[in-house]
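Sharing a structure below in structure tokens format, with a few things to ask.
The values are calculated or read from the model by the stated rules, or taken from the named source; none is laboratory data. These numbers were taken from a predicted model, which means no experiment stands behind them. Backbone-built Cβ (ideal geometry, glycine too); neighbour counts: all protein chains shown. Protein only, heavy atoms only, side chains kept; ligands, DNA and RNA dropped before computing areas. Shrake-Rupley method; radii C 1.70, N 1.55, O 1.52, S 1.80 Å.
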Amino acid sequence: MDLEAKKLHFIEEFLKINDVKIIDKLEKVINISFNKTSKKTEKPMSLEEFTKTIDISHKQHLIGETLTEEEVDTLIDSWE
């Protein structure tokens, strides 16, 4: 899975989260990560790349390549 597909997949799964504790943890991780990589610049993706990554994410969702909220919570807890 390329970077753009991972981003879209993350967004899709993030929108399903209903637990503020999980969102707080993800926010913390993103802020830490952003501070480490803020000097890097990303090239904006084209509309074609965007559409492709959405299609990939949708296919992954259909075949079950997703994590439950509990799995995400366990994963985040292991980062601390």
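Could you go through the range 58-69 in sequence order and give the Karplus-derived ³J(HN,Hα) for each residue, using 6.51 cos²θ - 1.76 cosθ + 1.60 with θ = phi - 60°, rounded to whole Hz, and x for Gly and Pro?
For the range 58-69, the Karplus-derived couplings read 5, 4, 4, 4, 5, 9, x, 7, 9, 10, 6, 4 Hz, x marking Gly and Pro.
Between exposed trypsin sites (Lys or Arg not before Pro) in the chain, where DSSP calls loop and at most 12 other Cβ atoms lie within 10 Å, what's the longest gap?
After excluding every exposed loop site, the longest remaining stretch is 41-80.
Binning every alpha carbon pair distance of the chain at 10 Å from zero, what are the percents per bin?
In whole percents, the pair-distance histogram is 16, 42, 37, 6.
Accessible area of the chain with a 1.4 Å probe: how many percent of it is carbon plus sulfur? Intermediate values should be presented prior to the final figure.
Details: 3900 of 6540 Å².
Whole-percent figure for carbon plus sulfur exposure: 60.
Extension gain E27-L62, at 0.36 nm per residue separation less the Cα-Cα distance, in nm?
Numbers: separation 35, 0.36 × 35 = 12.60 nm, distance 2.67 nm.
Full extension of this stretch gives 9.9 nm more.
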